[in-house]
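A short write-up of the structure that comes next.
What follows draws every value from the coordinates through simple rules; no lab data is involved. Since this is a predicted model, take the numbers as computed values, not measurements. Every residue, glycine as well, gets a Cβ built from its backbone with ideal geometry; the counts of neighbours run over all protein chains shown.
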Amino acid sequence: MTDLATNVSQPPAAGAAGRSLWATALMRLRRNKAAMASLVILLVYIFAGIFGPMLAPHDYARVYPDFVKVPASLEPYPRMDAVLPAAESTARRARLEARNIELDGNTLRLEATSRREIDPRVTRYFDRSDLFSNTHIVERSADGRSVLLESQVERYRFIFGTDANGRDLFARILISIRISLMIGALATGVALVIGVAYGATAGFLGGRIDNMMMRVVDILYALPFTFFAILLVVFFGRNVVLMFIAVGAVEWLDMARIVRGQTISLRRREFVQAAEALGVSAGGILRRHIIPNTLGPVIIYMTLLIPKVILLESFLSFLGLGVQEPLTSLGVLISEGARNMRAAPYMLLYPSLALTLLLFALNFLGDGLRDALDPKDR
Amino acid sequence: MKKTETIFDIRDIRVTFDTPDGEVEAVRGVNMHVNAGETVAVVGESGSGKSQIMMAAMGLLAANGRAEGSATYRGQELIGLPRDRLNRIRGARITMIFQEPMTSLDPLYTIGRQISEPLMVHGGLSASAARARALQLLELVHIPEPERRLKSYPHELSGGQRQRVMIAMALANNPDLLIADEPTTALDVTIQAEILGLLAELQRKLGMAILFITHDLAIVEAFADRVYVMQHGRVVEEGTTREIFTRPTKDYTRMLLAAEPEGRKPPVPESAPILLDANRVSVTFQAKGGLFSPGFELKAVREVTLSLRAGQTVGIVGESGSGKSTFGRALLQLLPCEGRVVYQGTPIHGLGRAAMRPYRRNLQMVFQDPYGSLSPRMTVGEIITEGLLVHEPQLSARERAQAATEALKEVGLDPAMRNRFPHEFSGGQRQRIAIARAVVLKPTVIVLDEPTSALDRSVQKQIIALLRRIQDAYDLSFIFISHDLAVVRALADYTIVMKAGQVVEEGATDEVFERPKSAYTRNLMEAAFNLKQVLSRQAEARA
């Protein structure tokens, strides 16, 4: 059968195979530079959110007590000039008298003496600090009162600095991107599924059912969101899942209204009447005719909803109602940064930059999609 | 009367559009001119570029369009003229009226304000002088109760009245040239005759030239002095109306002239079984009253009776608002109705969606708008086979694809196109797809709701031939709803004339067309087939 179809001569003008409305929209999107740049940024963010925490040099929950609130820098910590005093003070804590300290690359050599015999377990004093590891005694004098210690100096890079608890800010931003994107995607997904199904049903059935369904939406609109979120947190405790429920439960209302409006105008279109004349069931009409034709505006609203949800989450987290430590989100990080603004401005700067860039990218992409999907000039 | 001074001269004009698929040349080097006081018609089918020439000359091209060449008004070059200088000519010396009078008027302002505002801004008239002038203009275009109409909003006016208002606005500055772009296409034939009569009268009174863009040769013959025939962005033939209509030299012109639908359908024998029997069918639309407003009822169809025999085509004609489409939908139970509808002995009126489903397969419908009746996000194959999904769910995807292939061949389309989307097809091709969608179910009755109204005459002719062929091949019965009398005459063997929801006249098609009994039908026939005579009678009446 397919052979027969291909044998029939193609009309000359139509070289390309069927180009759907989606394909034309994509083509229009490609010409929009801001939207394409945003798309690239967004892909980088998604990659960073998924793989970043695995690839990052530090674990987001690991605390470095020696490096609390160190500023962002490309040079590794500890600084060279800080190692020797640190070694000296560690030696003092171990009741050793450091006589000759030298640093050779990442290896620290330390000659120490003591008035009493030195216990070999003094190395633990060094290892306990974040700076030194793998400390061992190389030489020990016959009387045991002087030793030559060798220790590896652990050096860490904190390119975005560390927070007030000494955790790497870069790793925390990566994990917060993951959480923020996840909340954005999932809450939007919840809003999408409920909103589209609800709105299309209400709009298609019309009449009294529509009236009732939309009044329910109106009532839910009247619910103060912050109050609702606080209530949920008070009842169920802080939990990421609750965030989805709270945000999704509020955001599907807009979606339902948009889809309902679209459906009502689509229902009067002739292709829907044609489907009715074919005897297609209500479900079939909704599935094949109404919903695919509402997807344009729905996708646009979705790309604009994701940043809104991320902002909402950040807002809730800022208030302290969001995710729980050691997990974090951009909102939490910004909130902490705001508290430490004077002493450590980078703690506010980097999470804010990350959030701003993400929101910009999503909004530009949404704008680009809107221009691409329903161009007025057609 | 005839002066030979050329006021509008177009030389080698080209219009190109930048599209994602490369440049498209809409107009490829056209020369035309208009002398003072004459009526020139530009005729062509859709896509021939006839409107784009005027858009280019008036600086109204879409953003992706580009015009080259020259268009001069009394020696003044218009193309490339800065906007402020162009506006001294555009809207003052040369004015335009368009097809769609509803969208050309702002729904938020009263008629009086829309007419008088440009007079105040451009003409420098005071508010009261502008209002007086607006009133004078409305009288000039014969709008009843002009005083009251000044305070009306566009939605309170009928289509013909809105077009009259547009003409009044175009006349406000006593133009030299009126460009009319399909001004009567959206109107009923009787209203069309009135508007054309008005234009002819105004031309005599005011001495302006009219450039008339249309696809309708009947109008050209009745109305124009000279004709340009356009095809694919070029003028293929030009000459006086008499020359073109009596001695066309080009094949294309001949084809256009011969594109009037022809042929008649012989009536079916009395013995043919009755398939669909509708008895006193009424449709009432109810607007629910609000808190402060009482509800009201609109009887769109009042007790219409119709019986359709096997192999018969019943034509339903009437002007817009006569309830003919509503009746067609009520027959198929797509709208709630009163009265009895019996299909092959089974009453089907009042059946619910599920109970009606088995009958849907036999009772199919083809809609007017070939752009709106195909879902834009489905491929042609999916559209055609959707009915099979409902009525023959046991078919595999492969069998459905085969059915689509056969249906496409049946309606004269390349089956390889079944994976394409509707927007890639022309109007005529889309209507073929819509017919394929109905035919694929092998129905017995098809209700055709204005299936040819949105199409060019030559395409119309092909669709009519197609409908005839499938009627013979599958022994189909048609209910053919149309305002286009020529098409109904060619296709139907029985005709019902409707007005305001009621049947005015019915009978065998020849009978109704040759010897109409009611005055309404006679008016309709004259406006459709004898436009010239109607216009000259109007002119006499005024003289």
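Annotations for the structure displayed:
- Summary value for region B:105-172: 44 percent relative contact order, contacts being C-alpha pairs under 8 angstrom separated by 6+ residues.
- Under 5 Å between amide hydrogens, built in the peptide plane, is the criterion, and for A:Arg157 it picks out A:Tyr77 among residues at least 5 positions away or on other chains.
- For region B:117-237, fraction of C-alpha pairs farther apart than 23 Å, in %: 37
- Helix B:127-140 vs. chain B, principal-axis angle (Cα, 0 to 90°, nearest 10): 60
- Table column - 3J(HN,Hα) (Hz), region A:270-285, Karplus curve with 6.51, -1.76, 1.60, x for Gly and Pro: 5, 5, 6, 4, 4, 5, 5, 5, 7, x, 5, 6, 4, x, x, 5
- Charge-dipole axis of the protein assembly as shown as Lys and Arg at +1 and Asp and Glu at -1 on Cβ define it, positive-most pick from B:Ala397, A:Leu311, B:Ile10: A:Leu311
- Between the listed residues B:Pro118, B:Leu108, B:Gly59, the Cα displaced farthest toward the positive end of the dipole of region B:1-135, a dipole computed from Cβ unit charges relative to the Cα centre, is found at B:Pro118.
- Remark: A:Glu150, B:Glu506 ranked as A:Glu150, B:Glu506, counting other beta-carbon atoms within 10 Å and listing the fewest first.
- For B:Gly315, nonlocal amide neighbours, meaning residues 5 or more places apart or on other chains whose placed amide H falls under 5 Å from its own, are B:Phe480, B:Asp493, B:Tyr494, B:Thr495, B:Ile496.
- Karplus-derived HN-Hα couplings along region A:88-104 (A = 6.51, B = -1.76, C = 1.60, θ = phi - 60°), whole Hz, x at Gly and Pro: 4, 5, 5, 4, 5, 5, 7, 6, 10, 10, 6, 10, 9, 10, 9, 10, 10
- Unit charges on C-beta of K, R, D, E only; dipole of region B:272-411, Debye: 260
- About the Cα centre, charge dipole magnitude for the protein assembly as shown (Lys/Arg +1, Asp/Glu -1 at Cβ), debye: 1080
- Global geometry of the protein assembly as shown, whether rounded, prolate or oblate, following the gyration tensor of its Cα atoms and the 1.5 cut on a/c: prolate
- Given B:Lys265/B:Lys532; B:Lys250/B:Lys532; B:Lys324/B:Lys442; B:Lys205/B:Lys250; B:Lys324/B:Lys532, the pairs whose alpha carbons are separated by over 30 Å: B:Lys205/B:Lys250
- Computed from phi, the 3J(HN,Hα) profile of region A:352-357 under the Karplus parametrisation 6.51, -1.76, 1.60 (θ = phi - 60°) reads 5, 4, 4, 5, 4, 4 Hz, with x in place of Gly and Pro.
- Long-range amide H partners of B:Gly69 with built H, under 5 Å: B:Arg14
- In whole percents, the pair-distance distribution calculated for region B:105-172 from its alpha-carbon pairs, binned every 5 Å from zero, is 4, 21, 34, 27, 12, 3, 0.
- Cα gyration tensor, region A:78-153 - rounded (a/c under 1.5), prolate or oblate: prolate
- Over chain A, Cα pairs under 8 Å with separation of 6+ residues give a relative contact order of 21 percent.
- Of the residues A:Leu148, A:Pro78, A:Leu96, the one whose Cα sits farthest toward the positive end of the charge dipole of region A:78-153, with +1 on the Cβ of Lys and Arg and -1 on the Cβ of Asp and Glu, is A:Leu96.
- Placing +1 on the Cβ of every Lys and Arg and -1 on the Cβ of every Asp and Glu, with no other charges, gives region A:78-153 a dipole of roughly 360 debye about its Cα centre.
- Computed over region A:78-153: relative contact order in percent, which uses C-alpha pairs under 8 Å that are six or more apart: 29
- Cα gyration tensor, region B:183-339 - rounded (a/c under 1.5), prolate or oblate: oblate
- Rounded to the nearest 500, the 222 nm mean residue ellipticity of chain A from helices alone is -20500 deg cm²/dmol, with -39,500 (n - 2.57) taken per DSSP H run of at least 4 residues.
- Reciprocal mean inverse distance between Cα atoms of region B:432-543 - Kirkwood radius, Å: 15.7
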